[in-house]
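First up is the structure itself, then whatever we jot down about it.
The values are calculated or read from the model by the stated rules, or taken from the named source; none is laboratory data. Note that the structure is a prediction, hence the values are computed from the model and not measured. Please note: Cβ atoms are built from the backbone with ideal geometry, for glycine as well, and neighbour counts cover all protein chains shown.
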Amino acid sequence: MASLLVQKLVFYIIPIIVAGLLLFSYYGGDESAFESLKSGVEGAKEYVPNISIGDKGLSASKPDISTEHKTQLLRLNETIHQMLSSSKQNCFANYGGFSELGEKGASFVMTYSEGKTKFKVLGGAGGDQLITDLSFEIEGMIPCVIAGSSTITENFENSFLTGKTIVDNHFMNVNSIIIKTDDGGITDYTENRIDSGSGPKDFQDAGFIYTPDNEHICFFPTVDGGSDADGLNDDFLGETPNAATAIPRQVNEGKLKTC
């Protein structure tokens, strides 16, 4: 926190020093005063990484995320667009999933407003700095989850996993989704988790998302054991994907539609 405060102060102070340098240069200030100001700039540079003064102006290192997570985010973006443009409904797609994002690494925030979903990417020191170059928005996407009530998860199971008759009310619209690494609270077990407004939930999704109508894009919170309001039993997804009722296996066998 202290170093952050110093950096902010320096970003305010340096332009003043630079202005002083320009004034001294313009009005012919004596050489010793000029050297003092120049020394002040050089000292300030020690507190902020990658600051340069001259033709390139002032620059600081930008927050970033790993190349691996950039690739995974791009794959999610491409997969969602594929699902929105698909001629199939009630279908599944595999974006590949996210490797562990790290407690202070990347996090992805989806927010729905006015017919589109904005994706904010956070990373850098502390994992909470907005990375504008990687953020994007998807027109026509409404985020949703297979969670929210025991009725929703039960209806989803009956529609696709243990039964084959699609029933209504098998997903829930949400206004925001956050995907990040979380320590699990009292469990102290660090892994990727998903929060759609009711707190972080397990996120063993095996990289799958679902759309009922080429508009809603649904993510899969998971739970250990039987499905409940917090999400599907993780045995249906990433925990034991070879189980007969697991989504990955049924997709591979053609029993569930791919978009």
| In the stretch 154-165, is there at least one residue being within 20 Å of Ala206 (Cα to Cα) and in contact with an Asp or Glu (Cβ under 7 Å, 6 or more places away or on another chain)? | no
| task | Using the structure shown, decide if Phe208 is modelled with pLDDT of 95 or more and over 15 Å from Met172 (Cα atoms). | result | yes
| request: Among the numbered conditions (1) buried (at least 22 other Cβ atoms within 10 Å of the Cβ); (2) of a type outside the set (Asp, Glu); (3) in a strand (DSSP E or B); (4) at pLDDT 95 or above, tell me where Phe156 comes up short. | output: (3)
| Which one of these does Tyr189 not meet: (1) among the aromatic types (Phe, Trp, Tyr); (2) buried (at least 23 other Cβ atoms within 10 Å of the Cβ); (3) modelled with pLDDT under 95? | (2)
| query | For the subset of the stretch 81-136 comprising residues that are in contact with a Gly (Cβ under 6 Å, 6 or more places away or on another chain) and free of Cβ contacts under 8 Å to residues at least 60 places away in the same chain, which member is nearest to Pro63 (Cα to Cα)? | reply | Gly127
| request: Give the residue that is surrounded by the fewest Cβ atoms within 10 Å (Cβ to Cβ), with candidates limited to residues of the stretch 105-135 that are farther than 21 Å from Arg193 by Cα and either over 14 Å from the mean Cα position of the chain (by Cα) or of a type in the set (Phe, Trp, Tyr) (or both). | output: Glu114
| task | Report whether or not Asp168 is farther than 24 Å from Cys259 by Cα and out of contact with any helix residue (DSSP H, G or I) (no Cβ under 6 Å at 6 or more places or on another chain). | result | no
| field | Number of the exception - Thr151 against (1) assigned to a loop (DSSP other than H, G, I, E, B); (2) over 23 Å from the mean Cα position of the chain (by Cα) | value | (1)
| Checklist (1) touching a Lys or Arg at 6+ places or on another chain (Cβ under 8 Å); (2) under 22 Å from Arg75 (Cα atoms); (3) assigned to a loop (DSSP other than H, G, I, E, B); (4) of a type outside the set (S, T, N, Q) applied to Arg193, failing item | (3)
| query | Does the stretch 81-104 hold any residues that are within 14 Å of the chain's Cα centre (by Cα) and either small (Gly, Ala, Ser) or part of a helix (DSSP H, G or I) (or both), and which are they? | reply | Gly97, Ser99, Gly102
| said: For the structure I just gave you, tell me whether Gly126 is more than 28 Å from Leu256 (Cα to Cα) and assigned to a helix (DSSP H, G or I). | reply: yes
